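Here the structure comes first, spelled out in structure tokens, and everything after it is commentary.
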Amino acid sequence: MKLNNNDVPLNVIRRLPRYYRYLGRFAQEGVLRISSEEFAERMRTSASQIRQDLNCFGGFGRQGYGYNVRDLREEIARIIGIDETNTVIIIGAGNIGRALADNISFEKRGCTITGIFDRKTDLWGTVIAGHKVRSDVELPQFCEAQCPKIAALCIPEESARSVCETLIALGVTNFWNFSHFDINVHFDNVNVENVHLGDSLLTLVYKVNRPQE
């Protein structure tokens, strides 16, 4: 039975982008339909996991036929919201902020950068990915006029809390957080994806130093 979106487990939601990415590969390879078993083999997961995840949103497959690759990819895009316009501002025009703007295909993921901000005066007016870096003092006026949905935080931990408080007061409650500040602990009713690159590296280090016997 299809679940209400609010009841879908977070782990299922986190797997949807990976399904979407693999379906894109299948489409590029000319695959028209694929069984859950073939899908699972390519992704190195289980067919039952794929079926259970997709059943949260209605299923989409047919017994004896499998999944139509193009149709399923379009459905997952719709579920995620890639077909919608999600405006993004980047806070922090340093190395991480610049890397995001230059290298992430925001438009392919249902997002559009509308502004890049920094408090450093020497960065004001410089251009990153076609956007002039603005002063952070412009944020109130900009948010009132543009109503950005998402803020990517590429700033030091010590300034993240005050920036979050400012943005939340300005109506921004969705954060892609590259700082080390744990937003969820301090603020309610906000959506957060915390990205800790150091944690990811430590996970790999663990696997290197404790290989499976």
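Can you say whether GLY24 is open to solvent by less than 50 Å² (accessible area, probe 1.4 Å) and under 27 Å from GLY171 (Cα atoms), as far as the supplied structure shows?
no
Exactly one condition in (1) of a type outside the set (Phe, Trp, Tyr); (2) at pLDDT below 95; (3) assigned to a helix (DSSP H, G or I); (4) surrounded by 14 or more Cβ atoms within 10 Å (Cβ to Cβ) is false for VAL205; which is it?
Evaluating VAL205 over (1) of a type outside the set (Phe, Trp, Tyr); (2) at pLDDT below 95; (3) assigned to a helix (DSSP H, G or I); (4) surrounded by 14 or more Cβ atoms within 10 Å (Cβ to Cβ) leaves (4) as the failure.
Name the residues in the stretch 122-141 that are under 17 Å from LEU167 (Cβ atoms) and open to solvent by 20 Å² or more (accessible area, probe 1.4 Å), would you?
ARG134, ASP136, VAL137, GLU138, PRO140, GLN141
Can you name the residue in the stretch 160-191 that is in a strand (DSSP E or B) and surrounded by fewer than 17 Cβ atoms within 10 Å (Cβ to Cβ) and is also modelled with the highest pLDDT among such residues? Give the steps one after another, and end with the answer.
The initial filter retains those residues of the stretch 160-191 that are in a strand (DSSP E or B), namely 174-177, 191.
Filter once more, keeping what is surrounded by fewer than 17 Cβ atoms within 10 Å (Cβ to Cβ): 174, 191.
On the way: ASN174: 96, ASN191: 93.
Residue satisfying both the conditions and the ranking: ASN174.
How about the stretch 23-42: which of its residues are of a type in the set (Gly, Ala, Ser) and either more than 17 Å from PHE60 (Cβ to Cβ) or part of a helix (DSSP H, G or I) (or both)? Spell out the reasoning first.
If we filter the stretch 23-42 for residues that are of a type in the set (Gly, Ala, Ser), which is where we start, we get 24, 27, 30, 35-36, 40.
Hits for the stretch 23-42 are GLY24, ALA27, GLY30, SER36, ALA40.
Out of the stretch 74-109, which residues are modelled with pLDDT of 95 or more and among the basic types (Lys, Arg)?
ARG98
So in the stretch 82-99, with the set limited to residues that are small (Gly, Ala, Ser) and open to solvent by 10 Å² or more (accessible area, probe 1.4 Å), which one is farthest from LEU167 (Cα to Cα)?
Ranking the candidates gives ALA99 first.
Scan the stretch 124-145 for residues that are in a helix (DSSP H, G or I) and closer than 13 Å to ILE90 by Cβ and report the count.
3
Pairs under 8 Å by beta carbon, first residue of a type in the set (Ser, Thr, Tyr) in the stretch 97-116, partner crowded, with 18+ Cβ neighbours inside 10 Å, six or more apart or different chains?
Within 8 Å, the pairs are THR112/VAL88; THR112/PHE106; THR114/VAL88; THR114/ILE89; THR114/PRO148.
The values are calculated or read from the model by the stated rules, or taken from the named source; none is laboratory data. Nothing here was measured: the structure is a model prediction, and the numbers come from that model. Don't worry about glycine lacking a Cβ; one is built from the backbone with ideal geometry, like all the others, and counts go over all protein chains shown. When the accessible area is computed, the model is the full protein with side chains, heavy atoms only, and any ligands, DNA or RNA have been set aside. Shrake-Rupley method; radii C 1.70, N 1.55, O 1.52, S 1.80 Å.
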